[in-house]
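Here's the structure, in structure tokens; my notes come after.
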Amino acid sequence: MSKKHKDSLLFAAGVLGAFGAGLAVGRGITRSGATATGLPRASVLDTLALGLDVFAPLVAQGVIIRRPPMVALAEKLDLDRRAVERMQKLRDKYGSGPLMLPLPIRKQAVVLDPEHAQRVLDASPAPFSPASTEKRGALAHFEPKAVLLSEGGERAERRPFNEAVLDTAHPMHRMAAGFLPLIDEEAARILEAAREKGELDWEIWSQGWYRLIRRIVLGNGAAEDHELQALLQRLRGAANWSGFHPKMPAKRARFLARIQTYLERAEPGSLAGFMAQIPRSSTAAPEQQVPQWLFAYDAAVIASFRALALLDTYPEQLQRARDEIAQQAGTPQLPFLRATVLEALRLWPTTPMVLRQSRAESTWETGTMPPETGVMIHAPFFHRDDTRLPYADRFAPELWSEDWERAVKRDWPLIPFSDGPVICPGRHLVLFTSSSLLAAVLKGHTVRLNNRQLDPNKLPGSLDNYHLRFTVS
Ligand code: HEM
């Protein structure tokens, strides 16, 4: 067994052990039915089942950086579908919630109702702060001053700074026309590497993407900066263990200093160059916002590879994509390809647990939630609930056909990018990048999944992106 496999299994065992131990301690204070606050309270058995079916697989697959062997295992055992089924059972048993878990070390609630999910997201960052304890423990390994961990006055500086550089207000980033040639070049490299190897695999796809991300964010000078990438991967590996892994201050300092060098260079045509024109105070801490961008782009690498698998599974939809590509001119918005990426994110969310921490007492129909309660919104439960959604297990790009900002505001939380005031400020940029890269790869090429087939009538609960392989001709 490889070290990676061992690490992953050990970690999964650790998570389960910790959860079980917590419950064992908690058993003495547990009672089913209502809590003092009136909110429903899960039984010990249901809490244990939630730990086994929902938390453990997510944590074991890696929250900050994925562990490929565990992602493969999750698909083999269809763990993500089991997680959704577990959430459905809890909803059927306990009603709308929020459901309190009898954990002794922490106040923790699980959201079961679509309207409650929206309420929590709309009331972020206060009183529902995104800077939850576990997120702080994890992200502080490489970006302690990131906006996601910021509250109050610091957030008030950092969020607008992020929005200004990422041009959140516009579906097309002001730099988009300049980014297109980079996207075309990297797509050509990817296709060339696939031709040489005889197939397009994860290695080729991710390496091409990472070069592109470094060029867009930091400039062409960073295209070959594999050391920066390695440092980030190492720090993210530690972050997967949250506060249980010792911090690596020297590595973090080296990583942030390297980013600072690129920001000072401010290469024209990159976000680093664009950022140089944006006024900010020292509180904005730009070098600590950039790691989030580099790391968050990873989700696009995963989602766009899965999008290729989706298009292969639905030939009519592939034709729609091809029609869109054939009609493109200038710097096109590619709404259908954007919807395809959004669907890959709905079906297999890359942020499956949207976490908040209530900073004040909150009132619900059934009771009150005390301050400092962790609140978990399980995105796959809302995205893939086959008892409520006719499109749960199929590719449904039509969901995103309106302006998607309005689409997610309908009565059901489809939240691949979260929602409310903390919604991902990079969503337009990342959808532009992903759809344009897909267009460049598909243009004039046939891309066929060659090592497996998906059932178009029932897409799998989990899809292991690391082992997808395509023939390109
Ligand atoms: C497919 C790719 C991406 C997905 C699925 C995604 C998803 C998300 C989600 C779900 C959140 C909210 C987390 C929470 O509520 O706790 C978030 C926050 C954030 N994302 Fe993204 N993201 C992606 C790519 C990007 C990119 C490329 C950037 C920047 C270039 C970016 C920048 C950010 C920032 C700065 C935040 C923090 C917002 C805040 O705290 O106010 N994301 N993202």
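The values are calculated or read from the model by the stated rules, or taken from the named source; none is laboratory data. Small disclaimer: the values here were computed from a predicted structure and weren't measured. Every residue, glycine among them, receives a Cβ derived from its backbone with ideal geometry; neighbour counts consider all protein chains shown.
Descriptive notes on the structure:
Each row is one residue, and each column tells you yes or no for (1) over 29 Å from S435 (Cα atoms); (2) of a type in the set (D, E, K, R).
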| site | (1), (2) |
| --- | --- |
| R136 | yes, yes |
| E143 | no, yes |
| R159 | no, yes |
| P171 | no, no |
| E185 | no, yes |
| E196 | no, yes |
| W202 | no, no |
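Condition check ((1) under 23 Å from the mean Cα position of the chain (by Cα); (2) more than 27 Å from H428 (Cβ to Cβ); (3) not aromatic (F, W, Y)) across all residues:
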{"residue": "A193", "(1), (2), (3)": "no, yes, yes"}
{"residue": "D201", "(1), (2), (3)": "yes, yes, yes"}
{"residue": "I216", "(1), (2), (3)": "yes, no, yes"}
{"residue": "G219", "(1), (2), (3)": "no, no, yes"}
{"residue": "N240", "(1), (2), (3)": "yes, yes, yes"}
{"residue": "G243", "(1), (2), (3)": "yes, yes, yes"}
{"residue": "M248", "(1), (2), (3)": "no, yes, yes"}
{"residue": "K251", "(1), (2), (3)": "no, yes, yes"}
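- Test: residue in the stretch 285-297 that is closer than 30 Å to G444 by Cα and either more than 24 Å from the chain's Cα centre (by Cα) or among the aromatic types (F, W, Y) (or both): yes
- Checklist (1) touching a helix residue (DSSP H, G or I) at 6+ places or on another chain (Cβ under 8 Å); (2) over 18 Å from P349 (Cα atoms); (3) not acidic (D, E) applied to K107, failing item: (1)
- When the stretch 266-299 is filtered for residues that are farther than 30 Å from Y466 by Cβ, surrounded by fewer than 22 Cβ atoms within 10 Å (Cβ to Cβ) and of a type in the set (G, A, S), the ones remaining, listed by number, are A266, G269, G273, A276, S281, S282, A285.
- In the stretch 437-466, the residues that are at negative phi reach residues that are part of a loop (DSSP other than H, G, I, E, B) and among the small types (G, A, S) with C-beta atoms within less than 6 angstrom, at least six apart or across chains, in these pairs: T446/S473.
- Positions within the stretch 245-267 being among the β-branched types (V, I, T) and in contact with a Pro (Cβ under 9 Å, 6 or more places away or on another chain), in sequence order: I259
- Qualifying residue in the stretch 207-216 (condition: over 26 Å from S434 (Cα atoms) and either in contact (Cβ under 8 Å) with a residue 12 or more places away in the chain or surrounded by fewer than 16 Cβ atoms within 10 Å (Cβ to Cβ) (or both)): no
- In the stretch 286-333, counting only helices (runs of 4 or more DSSP H) that sit wholly within it, the ones holding 1 or more residues that are more than 9 Å from the ligand (Cβ to nearest atom) and aliphatic (A, V, I, L, M) span 298-313, 315-327.
- Filter pass, D167 being touching a helix residue (DSSP H, G or I) at 6+ places or on another chain (Cβ under 8 Å) and over 21 Å from Y262 (Cα atoms): no
- Being charged (D, E, K, R), touching a helix residue (DSSP H, G or I) at 6+ places or on another chain (Cβ under 7 Å) and either modelled with pLDDT under 95 or within 16 Å of the ligand (Cβ to nearest atom) (or both) is a property that D464 lacks.
- Some residue of the stretch 248-269 being on the phi > 0 side of the Ramachandran plot, among the hydrophobic types (A, V, I, L, M, F, W, C), more than 14 Å from the ligand (Cβ to nearest atom) and touching a helix residue (DSSP H, G or I) at 6+ places or on another chain (Cβ under 9 Å): yes
- Residue in the stretch 176-195 that is part of a loop (DSSP other than H, G, I, E, B) and either acidic (D, E) or surrounded by fewer than 22 Cβ atoms within 10 Å (Cβ to Cβ) (or both) present: no
- Of all residues making up the stretch 71-80, the number that are surrounded by fewer than 19 Cβ atoms within 10 Å (Cβ to Cβ) and closer than 19 Å to F382 by Cβ: 1
Yes/no per residue for (1) modelled with pLDDT under 95; (2) surrounded by fewer than 21 Cβ atoms within 10 Å (Cβ to Cβ); (3) assigned to a loop (DSSP other than H, G, I, E, B); (4) more than 16 Å from the ligand (Cβ to nearest atom):
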| position | (1), (2), (3), (4) |
| --- | --- |
| D385 | no, yes, yes, yes |
| F395 | no, no, yes, yes |
| E405 | yes, yes, no, no |
| R410 | yes, yes, yes, yes |
| F417 | no, no, yes, no |
| V430 | no, no, no, no |
| G444 | yes, yes, yes, yes |
| N451 | yes, yes, yes, yes |
| K458 | no, yes, yes, yes |
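- A303 being farther than 21 Å from A223 by Cβ and modelled with pLDDT of 95 or more: yes
- All positions within the stretch 419-428 that are out of contact with any Asp or Glu (no Cβ under 6 Å at 6 or more places or on another chain) and either more than 6 Å from the ligand (Cβ to nearest atom) or at pLDDT below 95 (or both): D419, P421, I423, R427, H428
- Top-ranked residue of the stretch 432-473 - restricted to ones that are in contact with a Leu (Cβ under 7 Å, 6 or more places away or on another chain) and β-branched (V, I, T), ranked as farthest from D201 (Cα to Cα): V441
- Matching residues, the stretch 239-270, being farther than 13 Å from P291 by Cβ, assigned to a helix (DSSP H, G or I) and not aromatic (F, W, Y): S242, G243, P249, A250, T261, E264, R265
- Verdict on R346 being within 23 Å of A56 (Cα to Cα), within 16 Å of the ligand (Cβ to nearest atom), among the basic types (K, R) and outside any strand (DSSP E or B): yes
Per-residue answers, yes or no, for (1) within 27 Å of E154 (Cα to Cα); (2) of a type in the set (D, E, K, R):
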| site | (1), (2) |
| --- | --- |
| L232 | yes, no |
| S242 | yes, no |
| E264 | yes, yes |
| A276 | yes, no |
| P279 | yes, no |
| T283 | yes, no |
| A303 | no, no |
| L308 | no, no |
